[in-house]
There are 2 protein chains.
Amino acid sequence: MKRIAIDMDDVMADTTVKIIDQINFLTNSSYTYDILMSSDNASKQAFYELYLKHNTFLWEPGFFTDIPVKKDAIEVIKELHNTYEIFIVSAATEFPNSLVEKLNWMQMHFPFITWKNIVFCGHKHMIQADYLIDDHEKNLTTFTGTPLLFTAPHNLHITAFERVSSWMDVKNRLL
Amino acid sequence: MKRIAIDMDDVMADTTVKIIDQINFLTNSSYTYDILMSSDNASKQAFYELYLKHNTFLWEPGFFTDIPVKKDAIEVIKELHNTYEIFIVSAATEFPNSLVEKLNWMQMHFPFITWKNIVFCGHKHMIQADYLIDDHEKNLTTFTGTPLLFTAPHNLHITAFERVSSWMDVKNRLL
């Protein structure tokens with residue numbers, strides 16, 4: 001059975017959507033996901049500057065409890081789960097409070113994936129799998145299997161990897 | 001640089017010592033580590049029966065905060081850290097409260113190993129490394145590198161793996 005490692009933030013979870021909400025709240029702004037996905041580079045740069053200045057909320061209790069689930073993620077991962085060995089691999093050890101929150105989030109939305117197949121780490125280069133679905137170049141570059149770049153606002157410029165832009169894309173690629 | 005994956009419980013941490021304390025407290029007994037390491041099979045069986053009956057303390061907040069560090073672990077892992085890439089790989093996702101407690105424990109006793117090189121998981125068979133130092137047969141059996149069995153009371157009967165009985169043994173084997 002082939003093994004797929006799947007990242008959480010901005011792959012299974014709409015983490016950037018919640019980050020935008022937090023930045024808008026903290027800075028009285030009105031950024032949207034569509035702006036970050038657009039070619040409006042001035043707005044995007046302004047947003048990421050605010051993000052770097054205000055992102056301490058990532059370390060606060062509660063941030064990772066109620067992130068929305070990505071469209072079609074539950075249905076497609078459930079289908080993949082019948083054909084592949086699924087591991088959830090999240091770079092979470094940087095955010096101590098996120099660990100139990102991410103475990104609870106998984107149990108709430110993906111109860112068919114148990115604690116046995118959830119991995120919280122920093123680096124991901126020691127993960128052995130046939131596929132890695134991830135939004136970060138640094139994780140895909142060191143991966144020894146087939147890397148799949150999941151589209152997110154911060155990776156639109158990356159061309160070095162095969163890209164999947166939605167869970168329907170993943171379904172078409174792997175099922 | 002070769003990579004060593006190191007388990008926490010009963011390899012870096014004297015987890016069984018704390019478990020014995022809890023069982024003695026809960027059942028008004030007087031088991032010792034030496035009894036569990038001895039050939040007194042009747043006492044050992046009685047202890048593990050009590051353990052299976054009373055081990056809910058593993059899921060309670062606080063259990064993993066103050067486990068003693070194994071003799072020579074800090075010094076030897078610090079030396080290994082100069083020559084090898086070290087990953088701490090702990091099967092911790094079964095115990096949600098343990099996650100942040102184990103992260104804090106690492107920071108307190110092994111501050112030279114950062115969150116980037118700590119992995120909390122269930123299964124370990126997706127971990128890619130040159131060596132795995134672990135006390136559980138199930139983790140070593142599926143490992144694709146060189147397995148090293150760290151002696152613990154529950155693995156004295158295992159003969160399928162090269163054994164290390166102390167951190168001085170690890171030092172002599174790997175440095």
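Kindly state, to the nearest 0.05, the FRET efficiency for A:LYS116 paired with A:THR32, given R0 = 25 Å and r defined as their beta-carbon distance. Efficiency, from the Cβ-Cβ distance: 0.05. With a Förster radius of 25 Å applied to the C-beta separation of A:LYS78 and B:GLU94, the computed FRET efficiency comes to 0.65.
Think of chain B as a dipole: +1 on every Lys or Arg Cβ, -1 on every Asp or Glu Cβ, centred on the Cα centre; then among B:THR15, B:PHE47, B:LEU149, B:LEU149 lies furthest on the positive end. Here, segment A:25-138 has an Rg and a Dmax of 16.4, 46 Å when only alpha carbons are counted. With a Förster radius of 25 Å applied to the beta-carbon distance between B:ASP130 and A:GLU162, the computed FRET efficiency rounds to 0.30.
Once you sort the root eigenvalues of the Cα gyration tensor of segment A:15-59 as a ≥ b ≥ c, which label holds: rounded (a/c under 1.5), prolate (a/b larger than b/c) or oblate (the other case)? Taking the square roots of the gyration eigenvalues as a ≥ b ≥ c, segment A:15-59 is prolate. Remark: the A:ASP169-A:SER43 segment gains 42.5 nm on full extension, using 0.36 nm per residue and subtracting the alpha carbon distance. Surface exposure of chain A, expressed per residue as accessible area with a 1.4 Å probe, stands at 46 Å². Summarising the amide proton neighbourhood of B:VAL119: residues at separation of 5 or more, or on other chains, whose placed amide H is nearer than 5 Å comprise B:ILE88, B:VAL89, B:SER90.
Spin-label pair A:HIS54-B:THR56: with each label point 7 Å from Cα along the Cα-Cβ axis, the two points sit 4.5 nm from one another. I'd like the interface area for chains B and A: accessible area of each alone minus the complex, both sides summed, 1.4 Å probe, protein heavy atoms only. What is it in Å² to the nearest 100? The B and A chains share an interface burying roughly 2300 Å².
Simple point charges give the picture: +1 on the Cβ of Lys and Arg, -1 on the Cβ of Asp and Glu, and for the protein assembly as shown a dipole about the Cα centre of about 460 debye. Take every pair of alpha-carbon atoms less than 8 Å apart whose residues are at least six positions apart; their mean separation over the length of chain B yields a relative contact order of 28 percent. Close amide H partners of A:ARG3, meaning residues 5 or more places away or on another chain with modelled amide H under 5 Å apart, are A:GLU85, A:ASP130, A:TYR131.
Taking amide H positions as modeled 1.01 Å from N, with prolines and chain starts lacking one, the residues under 5 Å from A:VAL164 and 5 or more places away or on another chain are A:LEU149, A:PHE150, A:THR151. A DSSP coil position with no more than 10 other Cβ atoms inside 10 Å describes none of the trypsin sites (Lys or Arg not before Pro) in segment A:1-77. Applied to segment B:165-174, the Karplus parametrisation 6.51 cos²θ - 1.76 cosθ + 1.60 on θ = phi - 60° returns per-residue 3J(HN,Hα) values of 9, 6, 5, 5, 4, 4, 4, 5, 7, 10 Hz, with x for Gly and Pro. In chain B, a dipole from Cβ-located charges (positive for Lys and Arg, negative for Asp and Glu) runs towards its positive end, and of B:HIS81, B:ALA160, B:THR65 it is B:HIS81 whose Cα lies farthest in that direction. Can you return the aspartates and glutamates within cross-link range of A:LYS71? Criterion is Cα-Cα under 17 Å, with same-chain partners fewer than 8 residues away left out. The qualifying aspartates and glutamates are A:ASP7, A:ASP9, A:ASP10, A:ASP14, A:ASP34, A:GLU79, A:ASP134, A:ASP135, A:ASP169. Rounded, prolate or oblate: which one fits the protein assembly as shown, using the alpha carbon gyration tensor with axes a ≥ b ≥ c (rounded when a/c is under 1.5, else prolate when a/b beats b/c, else oblate)? Prolate. Pairs over the 31 Å Cα-Cα cut-off, from the set B:LYS53/B:LYS124; B:LYS2/B:LYS44; A:LYS116/B:LYS70: B:LYS2/B:LYS44.
Across segment A:129-144, coupling constants 3J(HN,Hα) worked out from phi with the 6.51/-1.76/1.60 Karplus curve, θ = phi - 60°, read 7, 7, 10, 10, 9, 8, 9, 10, 3, 4, 6, 6, 4, 8, 6, 8 Hz, and Gly and Pro carry x.
The values are calculated or read from the model by the stated rules, or taken from the named source; none is laboratory data. Just so it is clear, the model here is predicted, and its values are computed rather than measured. Glycine also receives a Cβ, built like all others from the backbone with ideal geometry; neighbour counts cover every protein chain displayed. Only protein heavy atoms, including side chains, enter the accessible area calculation; ligands, DNA and RNA are left aside. Shrake-Rupley method; radii C 1.70, N 1.55, O 1.52, S 1.80 Å.
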